[in-house]
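Following: one structure in structure tokens, then a few remarks.
The values are calculated or read from the model by the stated rules, or taken from the named source; none is laboratory data. Please read all numbers here as calculations on a predicted model, not as lab measurements. These accessible areas exclude ligands, DNA and RNA; they are computed on the full protein's heavy atoms, side chains included. Shrake-Rupley method; radii C 1.70, N 1.55, O 1.52, S 1.80 Å.
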Amino acid sequence: AKLRAGNGVQWTDSSSQRGTVESLAEHESSSLGSDTELNGSANNTEIQADKYGFIGGAQQYQGENDDIPPEVLRQREAKWLDMLNSWDKWMAKKHKKVRLRCQKGIPPSLRGRAWLYLSGGKVKKEQNQGKFRELDSQAGDPKWLDVIEKDLHRQFPFHEMFVARGGHGQQDLFRVLKAYTLHRPEEGYCQAQAPIAAVLLMHMPAEDAFWGLVQICEKYLPGYYSAGLEAIQLDGEILFALLKRVSPVAHRHLKKYKIDPILYMTEWFMCAFSRTLPWASVLRVWDMFFCEGVKIIFRVGLVLLKCMLGSQEKLKACQGQYETMELLRSIEPRYMQEVFLVQEVIELAVSERDIEKEHLSQLRRWKETHGELHCKSPPRMHGAKAIMSAEPPSRQDLKQNPTIIVQVPQATDGQVEKERNTKKSKGEKKKETKNTSPPLNPYSFPGQPPIQSDNPSPGESHLLQKDVVLQGSVQSLSSTEHDTYL
């Protein structure tokens with residue numbers, strides 16, 4: 001594969017597109033090498049992925065923003081590690097601080113874990129141990145499997161994780177989407193779920209991504225992916241009503257040309273802007289979305305509509321339905337740029353109360369014109385605090401699990417008695433002779449007790465303490481915070 005300016009990836013060989021020809025429905029758990037190797041381009045140095053993993057396409061990072069200084073990033077990581085270690089206390093007593101830190105942007109090394117905690121996916125996973133493995137082992141409904149498999153290559157084809165047909169990324173995406181159809185067979189699969197699951201997989205393992213997807217579908221955007229798309233149509237009307245207050249000029253223009261909200265906001269909302277914005281902006285929007293809920297999605301939509309259609313000067317070039325739709329399909333990059341967009345979203349005064357008030361109003365209108373809703377979705381949760389309040393977790397649910405666990409061999413009673421006798425005999429000998437004990441061995445083999453000195457020097461004492469920690473620890477060796485995704 002070669003990069004060509006403006007065109008992203010141009011395949012040099014048709015066979016390189018195929019990758020593995022095995023059916024994803026029967027994928028093996030063994031390693032197949034990197035996804036670029038599956039494409040036959042492992043040795044090609046022309047492909048340069050950006051810092052987000054994109055090797056081309058519209059969402060490739062262009063370096064328009066200054067990176068955060070390393071020392072600032074380290075400070076933010078330390079703060080987030082502290083929060084994650086006492087998540088329930090922070091959410092109960094310092095939620096405003098959590099929200100502020102989400103608005104500043106979650107450190108990339110901790111983003112996946114933070115999303116899982118914010119969404120309540122961590123609690124769901126702990127309360128349903130083995131559920132994903134059980135679903136993953138099942139065959140699934142062939143009706144959904146065929147549709148899912150056809151959609152896999154369409155999800156971020158310029159990202160190194162999903163570029164290969166049948167590569168690791170596509171395999172995990174297949175597993176997550178299949179598991180959801182088994183988890184909610186009455187709902188099945190909707191195409192807009194695929195990019196949502198793909199974004200999650202870029203930041204966390206398949207099991208975590210599954211529970212993240214469950215929380216988005218059931219708590220943040222309930223009913224969005226059900227047949228009939230009634231929930232998304234309702235939210236379209238809510239968006240249009242809120243636009244009247246935020247930008248009367250844009251509202252009048254869309255009403256004049258009878259441009260229904262469903263025509264321009266469906267992909268925005270159902271994919272949470274993951275297929276619309278530059279990637280740096282996508283991540284910042286998702287950080288706030290997981291913390292504050294669907295109001296962030298509404299705010300982003302309102303900001304884009306206001307920027308593109310909010311003045312008479314801008315409307316001169318789009319006097320008609322077609323021209324307006326083309327304008328909304330190609331939003332100016334400056335309005336989607338991370339710093340500008342995030343600031344506008346934070347400052348826009350649209351609250352949960354405004355959305356719920358308008359929701360009730362639109363629901364009454366819907367019943368008058370369409371009758372009762374066919375899909376009875378659960379009530380929408382507005383962000384992390386609401387989710388946690390609705391289903392209070394236990395401390396065990398929030399406990400962080402280490403990635404690497406050192407298994408300490410358990411000594412039998414006979415071995416313990418033998419050790420004691422050995423130590424006694426050594427002590428008796430030392431009374432008679434000079435200290436002839438061998439040098440310390442703080443790193444003994446598993447099951448072999450360290451050779452100790454009766455009168456260790458300060459330096460030796462430190463080594464002995466270190467040895468005790470290593471021998472007795474069942475925690476992660478990587479860090480005391482069990483930083484899974486660093």
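Figures for the structure shown
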item	result
Distance between the stretch 300-317 and the stretch 170-221 - C-alpha centres, whole angstrom	34 Å
Euclidean distance between Cα centres, the stretch 326-341 to the stretch 123-146, Å	38 Å
Over the stretch 183-304: Kirkwood hydrodynamic radius from C-alpha pairwise inverse distances, Å	15.2 Å
With every protein chain in place, the stretch 116-203: carbon and sulfur % of accessible area (1.4 Å)	46 percent
Accessible surface of Val339 - all protein chains present, 1.4 Å probe, nearest 10 Å²	90 Å²
